[in-house]
1. Residues that are β-branched (Val, Ile, Thr) and touching a helix residue (DSSP H, G or I) at 6+ places or on another chain (Cβ under 9 Å): does segment D:89-98 have at least one?
2. Does B:Tyr112 satisfy the condition of being more than 30 Å from A:Asn47 (Cα to Cα), in contact with a helix residue (DSSP H, G or I) (Cβ under 8 Å, 6 or more places away or on another chain) and of a type in the set (Ser, Thr, Tyr)?
3. Can you tell me which residue among C:Glu89, C:Glu60, C:Glu66 is surrounded by fewer than 20 Cβ atoms within 10 Å (Cβ to Cβ), modelled with pLDDT of 95 or more and touching a strand residue (DSSP E or B) at 6+ places or on another chain (Cβ under 9 Å)?
4. Any residue in segment B:33-51 that's at pLDDT below 95: show its pairings with residues that are not β-branched (Val, Ile, Thr) at Cβ separation under 6 Å, as long as the two are six or more apart or on different chains.
5. Could you give every pair whose Cβ atoms fall below 6 Å, whose first residue belongs to segment C:271-287 and is more than 13 Å from D:Gly116 (Cα to Cα) and part of a loop (DSSP other than H, G, I, E, B), and whose second residue is modelled with pLDDT of 95 or more and β-branched (Val, Ile, Thr), counting only separations of at least 6 or pairs across chains?
6. Name the residues in segment B:197-218 that are within 18 Å of B:Gly260 (Cα to Cα) and in contact with an Asp or Glu (Cβ under 9 Å, 6 or more places away or on another chain), would you?
7. Looking for whichever is in contact (Cβ under 8 Å) with a residue 24 or more places away in the chain and in contact with a helix residue (DSSP H, G or I) (Cβ under 7 Å, 6 or more places away or on another chain) here; the options are C:Ala224, C:Ala295. Which one fits?
8. With the structure loaded, tell me whether A:Glu236 is surrounded by fewer than 17 Cβ atoms within 10 Å (Cβ to Cβ) and touching a residue at least 40 places away in the same chain (Cβ under 8 Å) or whether it fails that test.
There are 4 protein chains.
Amino acid sequence: MKDEPRFRGIFCPHVVPLDADGAIDEAELRRYVDWLIERGVDGLYPNGSTGEFTRFTAAERRRIVEVVADQAAGRVPILAGAAEANLRETLAACEHYAKLGVAAVAIVSPYYYKLGAEGVYAYFAEIGRHSPVDVTLYNIPMFASPIEVDTARRLAEECDRIVGIKDSSGDLPFMMRLIDAIRPSRPDWSFLTGWDACLFPMLQVGCDGGTHASSGVAPELTRALYGATRAGQLDEARALQHRVARIFDAFFAAADFPDGFRIGAALRGFGNGRGRMPRSASQRDAEPALRAQLAELLRQEGLL
Amino acid sequence: MKDEPRFRGIFCPHVVPLDADGAIDEAELRRYVDWLIERGVDGLYPNGSTGEFTRFTAAERRRIVEVVADQAAGRVPILAGAAEANLRETLAACEHYAKLGVAAVAIVSPYYYKLGAEGVYAYFAEIGRHSPVDVTLYNIPMFASPIEVDTARRLAEECDRIVGIKDSSGDLPFMMRLIDAIRPSRPDWSFLTGWDACLFPMLQVGCDGGTHASSGVAPELTRALYGATRAGQLDEARALQHRVARIFDAFFAAADFPDGFRIGAALRGFGNGRGRMPRSASQRDAEPALRAQLAELLRQEGLL
Amino acid sequence: MKDEPRFRGIFCPHVVPLDADGAIDEAELRRYVDWLIERGVDGLYPNGSTGEFTRFTAAERRRIVEVVADQAAGRVPILAGAAEANLRETLAACEHYAKLGVAAVAIVSPYYYKLGAEGVYAYFAEIGRHSPVDVTLYNIPMFASPIEVDTARRLAEECDRIVGIKDSSGDLPFMMRLIDAIRPSRPDWSFLTGWDACLFPMLQVGCDGGTHASSGVAPELTRALYGATRAGQLDEARALQHRVARIFDAFFAAADFPDGFRIGAALRGFGNGRGRMPRSASQRDAEPALRAQLAELLRQEGLL
Amino acid sequence: MKDEPRFRGIFCPHVVPLDADGAIDEAELRRYVDWLIERGVDGLYPNGSTGEFTRFTAAERRRIVEVVADQAAGRVPILAGAAEANLRETLAACEHYAKLGVAAVAIVSPYYYKLGAEGVYAYFAEIGRHSPVDVTLYNIPMFASPIEVDTARRLAEECDRIVGIKDSSGDLPFMMRLIDAIRPSRPDWSFLTGWDACLFPMLQVGCDGGTHASSGVAPELTRALYGATRAGQLDEARALQHRVARIFDAFFAAADFPDGFRIGAALRGFGNGRGRMPRSASQRDAEPALRAQLAELLRQEGLL
């Protein structure tokens, strides 16, 4: 066990560009990977919530990680979302991603059914016991069964393979309790926040970095915010946080998540902005004005 | 369009027995199908929430419907849960199930991501437009994006292929509003409740039947409750509702849903009671006492 | 202890007309009491949520009950809301209302702070022990600490003075569990529903009546619904429930509760429709159109 | 308008010691005020949620502020909770407190009824228009109608008399949005957090101070945390935040809020620890062990 967190900085949970038929547009995905790395992201996070993992088939999810890992070619570490329908399938995905050289897998807490704390623990403990690759927990209580502080602590104490957590609750006291409960015995754990609107204070209380949908639209800003905070330029960091929050709020509110961030990727030049969910006539009619408004916001930030 | 609801009575959303390795135990599933039909259920509902559709692979979900349809052999209608990762996969499943002769498919509202009303509408409208088999909506707001009254009404008016809704909210005013909004223009729609604890009043306000996890454990009771209500034996129905609620509460609270109902199926003689989710040591230790307590409840009802 | 519920039928939790200065308009309140009794309500319920008990001073709350009791003059029983700042003040109010001859007091569960079940129990047990007049519990979980089934059961078993519950959750399974838990040992308990949109099924599962804001606007409809249900005219009752729900939905949505029902009383001829909460310019501007729309709804029902 | 926030530092929302009969123990309250000031609190906050303002009569609330103001005698500023049953009573309280020389009043958002944003705005705008003393808004969405960012911004722009907000949500992104929306045009506004577990990051994002129940039990810690943060001793501040959170969690969980903090005051030497809410036999039986456990926690912190 190292005495430093494994993962630090800005990891990008990116969308997957689709072609006109809704199939994965691998060429665009590769261009997007290159661009994100060139913009300075510290890692990539395919098959996250932003990446709409639930809307791809199991085979497609594997293909996405294959393409991303191949294109990144070791330039940045990859956290690969690996949750599948059940434990057996999830472990098979972990094995596959291990062979592709990902730095770790990220496993979202069981969703659809709302599990109690003991069931969440049992699920991750089994993964921690059998995964051939390091595992990060993924807590997103608005979509999935919550991972409680005590559950994470038990897993940290019992499973060397589990090396961190991404938390998308945006709940500062929760994050502080997590860090207080785990860091003393597991200095190698990484604590990553997934709630874009509070990256700055999260870093201030001890987080190691963030995995934000906004990084797929404005990686320049999230990277600058991370850098300013690390450099102790707190006034600059506060101002950048304000700008990141404006971006996040606008793209989050633009459509059912994560479709706004898909439009954002398109505005930055990647993909056509269309996801897999059907849209109603009124949604289609509203889109040109919506795109224009989001583009204007990016222009104000000097990103277009 | 007929002027009578397509589906009436007690449909059973059953668990899928697994073998010691966690694979589908087809022989047990077939025996269970026979037993449920012999006990009088009016229809079967594979790949529902009770059937843990999210924990099977896409191939397994198809196999489950194949086995159930083959074994039922037309004795009762089948509502086949057909939600897959995205619209294309869902429509492919609808086509497959249509060929198997199911009476209709049941499509759960999009889950994980919480969609707004317009997104829910767009999703079902597209399914309604392209499905080769009749479709029932499945509203379960504790797990999935809610289907609002107005959304259901729009779908009823625009899509002949959509022929009903299963609602698992247990919210009587919601159901009454649904019926008031839709029945006048779509007398062929079926309104089915999925909340076991209020089948009796749901039938009183105009529901056509129910799809209850309890029917997999005590089909005798849910069938008797349905029959008594239809026959106007209201005191008898009220007393039966009390007994159904006791069964439901006990098996619902026994474990993370739907594991209690899996134990219930095992107590009635089908499968080993073990699901696909890992259990912790303390959960395993607690199970014998739990099974004994649930068995005692069934004995009190004369079901063991 | 009697073997029949103490309270049956439609109790009206009415608003209190105010004059142009916001003071209680006693003359209008007296006229309103007469009118409600003439329209057939089975009882009156001053100082309920509809009556905005929190927005009057302690002295004003007493005056309201004095006026209502004096004007009713024994024609119908009175359930007087008696919750004050603390136990001592609440018991003093109970004593005062007992002298005025009210049939019972109604005590809302502690609000603002959210109490656990044991705290809710302790509060009502102490009231049950010391009140000189019969007490009904008032459960309204959207505003106050929830009263759980087991808490109500303990209170029913231990406190003869506690003789019923008004539940405004609209949760049918909850009401059925309450009745199942309490009626066998306390046949004198009354179970009243306060959720207008489900009076019909509530009566079907065993409720004794309802206390509905809608009764202050359209007592003709709630009384007719109650009567039809009691007479076994179920189709008629279902149709009336639909009409009551339309009234309720419209007046509930018209403004922050209960201001819509205050407008409703004004439309029926009582008071000026103005409450004590300030309104913004845009709220004031919107009111004429809102009143016209609500009036039209009442006209459609033949009530204007 | 000044260009600096009016209120900074640690304001203590204290409990009110009661005698054996449940009456206000003025002598203990005076001793407690002295002790808090001696421990360095920057201000006092009578009639807050910790002060159980809803459980006192209107006359008692006035008496509490009179005693606190008289005893403080200008040594520290006083934020006096002034919410009464309605606008007229609230403004009368504001006038009374103005004469007592309080620095400002604090007005909780309307509670019991859940108001929409426009109603919340209208209420505070009217207070801001007529109050003879400066006003701070009090947002505590777990108990009262939420004050949205846009509502606070409108009030800041329109009402000079409104000079700040206390927010007890613990929601960092919300606080950052508030500050971003208001500080540019109102540099005199104070942003105070009322959620003890995140004082440190709240100060980092720009809050001016905190009003914490914990300050009534361990003012030494909250003051030290404030001081360390202001001095830029961030590691020290982080460690102190951890200790404050432990205190807060323990006293918050000890009983229905705020009874744990009442016990805390008693452990520090003020009052008997008994509030006005009745306790059940089991609550009474559990208290000695609970007090011992809380005392041990204070001993570990060197506070006993």
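The values are calculated or read from the model by the stated rules, or taken from the named source; none is laboratory data. Quick caveat, the model's predicted, so the values are computed rather than measured. Using ideal geometry, Cβ is built from the backbone for each residue, glycine included, and neighbour counts are taken over all protein chains shown.
1. In the first step, residues of segment D:89-98 are kept if they are β-branched (Val, Ile, Thr); the result is D:90.
Okay, now just the ones that are also touching a helix residue (DSSP H, G or I) at 6+ places or on another chain (Cβ under 9 Å), so D:90.
Yes: one or more hits.
2. No, not satisfied.
3. On the way: C:Glu89 fails: touching a strand residue (DSSP E or B) at 6+ places or on another chain (Cβ under 9 Å); C:Glu66 fails: touching a strand residue (DSSP E or B) at 6+ places or on another chain (Cβ under 9 Å).
Step by step, each of C:Glu89, C:Glu60, C:Glu66 is checked, and only C:Glu60 is surrounded by fewer than 20 Cβ atoms within 10 Å (Cβ to Cβ), modelled with pLDDT of 95 or more and touching a strand residue (DSSP E or B) at 6+ places or on another chain (Cβ under 9 Å).
4. No pair meets every condition.
5. Close Cβ pairs satisfying both conditions: C:Gly273/C:Ile263.
6. If we filter segment B:197-218 for residues that are within 18 Å of B:Gly260 (Cα to Cα), which is where we start, we get B:197, B:211-218.
Hits for segment B:197-218 are B:Ala197, B:His212, B:Ala213, B:Ser214, B:Ser215, B:Ala218.
7. On the way: C:Ala224 fails: in contact (Cβ under 8 Å) with a residue 24 or more places away in the chain.
After applying the criteria, what remains is C:Ala295.
8. No: the conditions fail for A:Glu236.
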